[in-house]
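J.: Here it is: the structure, laid out below.
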Amino acid sequence: MAGRIFYEPDPAPVVSIAGAGFVADLSGALYWEDERLLVVSDLHLEKGSSYAMRGVLLPPYDTVATLGRLGAVIARFDPRCVIALGDSFHDRHAHGRLSPANRDILTALQARRDWIWIAGNHDPELPSDLGGSVAAEVTVGAIAFRHEPTGARGEIAGHLHPKARVSRRGRSVERRCFAGDGERVVMPAFGAYTGGLNIRDAAFARLFGSAAFIAHVLGDHRLHAIAASRCC
């Protein structure tokens, strides 16, 4: 259930990953200032149209909403490079369903900067006409960017759509979060229609070795650092 989080806020919204400092933005993006590099994960563009093809009718505005949020965070940081960590499109043919207007928005976002599409399990084969370049994974210094997390040191990955649930005084709040332990991080899904996996799921325990990691929870106005062991 959506609501306010009543924990003390993280005084500095910076996530450390293998010695590198990344600004954790409330949008769900990471920004590496030293490299002027912005990272987003799991946009799942055209998820609404994918569901419509199966007879599940959702408001067809997820792509424009996601691109709007992405445009806002790009304007805020003005990165030299953007890395999209896979599942940028909800299925293998979703890029073909982009409207001309949304394709123009995407082209404008890519202007004057490098853009790297990481292939994901939803979009393993991305066409060359999207702009930018396509890679299975990318390494910059000690940091590896990939879609599916392996638990390696220095890894930034997506795929799992982490969410944290916290309870206090009889109220339960669930929010997207970054899951990290200082050596690696799993990013929240950025897309408007994306769901999430609770960080107490066994998938996260396998990555981090235990519940001894931090959920950097996206609150109403700032991030909140909460030990995963305190989540439910």
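J.: State which residue is surrounded by the fewest Cβ atoms within 10 Å (Cβ to Cβ) when the search covers only segment 205-216 and only residues that are in a helix (DSSP H, G or I) and in contact (Cβ under 8 Å) with a residue 24 or more places away in the chain.
T.: Only one residue fits best here, namely R206.
J.: Pick from E125, E148, E155: which is charged (D, E, K, R), under 18 Å from the mean Cα position of the chain (by Cα) and surrounded by fewer than 19 Cβ atoms within 10 Å (Cβ to Cβ)?
T.: E148
J.: Looking at (1) surrounded by fewer than 20 Cβ atoms within 10 Å (Cβ to Cβ); (2) assigned to a helix (DSSP H, G or I); (3) modelled with pLDDT under 95, which one does R76 not meet, given that it meets all the others?
T.: The single condition R76 does not satisfy is (3).
J.: D34 passes all but one of (1) within 27 Å of F208 (Cα to Cα); (2) not in a helix (DSSP H, G or I); which number fails?
T.: Among (1) within 27 Å of F208 (Cα to Cα); (2) not in a helix (DSSP H, G or I), D34 violates only (2).
J.: Here is a further query. Would you check if A202 is open to solvent by 50 Å² or more (accessible area, probe 1.4 Å), out of contact with any Leu (no Cβ under 6 Å at 6 or more places or on another chain) and of a type outside the set (F, W, Y)?
T.: Judged against the criteria, A202 is a match.
Residue-wise test of (1) touching a Gly at 6+ places or on another chain (Cβ under 8 Å); (2) crowded, with 19+ Cβ neighbours inside 10 Å; (3) not acidic (D, E).
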{"position": "H93", "(1), (2), (3)": "no, no, yes"}
{"position": "W117", "(1), (2), (3)": "yes, yes, yes"}
{"position": "D129", "(1), (2), (3)": "no, no, no"}
{"position": "A142", "(1), (2), (3)": "yes, no, yes"}
{"position": "R169", "(1), (2), (3)": "no, no, yes"}
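J.: Can you tell me which residue is farthest from S49 (Cα to Cα) among those in segment 174-199 that are open to solvent by 10 Å² or more (accessible area, probe 1.4 Å) and not in a loop (DSSP other than H, G, I, E, B)?
T.: R184
J.: Let me ask something additional. Which pairs have Cβ atoms under 8 Å, sit 6 or more apart or on different chains, and link a residue in segment 149-174 that is closer than 14 Å to T139 by Cα to one that is polar (S, T, N, Q)?
T.: The qualifying pairs are A157/S41; A157/T150.
J.: Can I ask one more? Out of A111, A72, I need the residue that is under 20 Å from M187 (Cα atoms) and out of contact with any strand residue (DSSP E or B) (no Cβ under 9 Å at 6 or more places or on another chain). Which one?
T.: Going through A111, A72 in turn, just one is under 20 Å from M187 (Cα atoms) and out of contact with any strand residue (DSSP E or B) (no Cβ under 9 Å at 6 or more places or on another chain): A72.
The values are calculated or read from the model by the stated rules, or taken from the named source; none is laboratory data. Values in this document were obtained by computation on a predicted structure and should not be read as measured data. Counting neighbours? That spans all protein chains shown, and the Cβs are built from the backbone with ideal geometry, glycine included. Accessible surface is based on the protein model in full, side chains and every heavy atom, while ligands, DNA and RNA are left aside. Shrake-Rupley method; radii C 1.70, N 1.55, O 1.52, S 1.80 Å.
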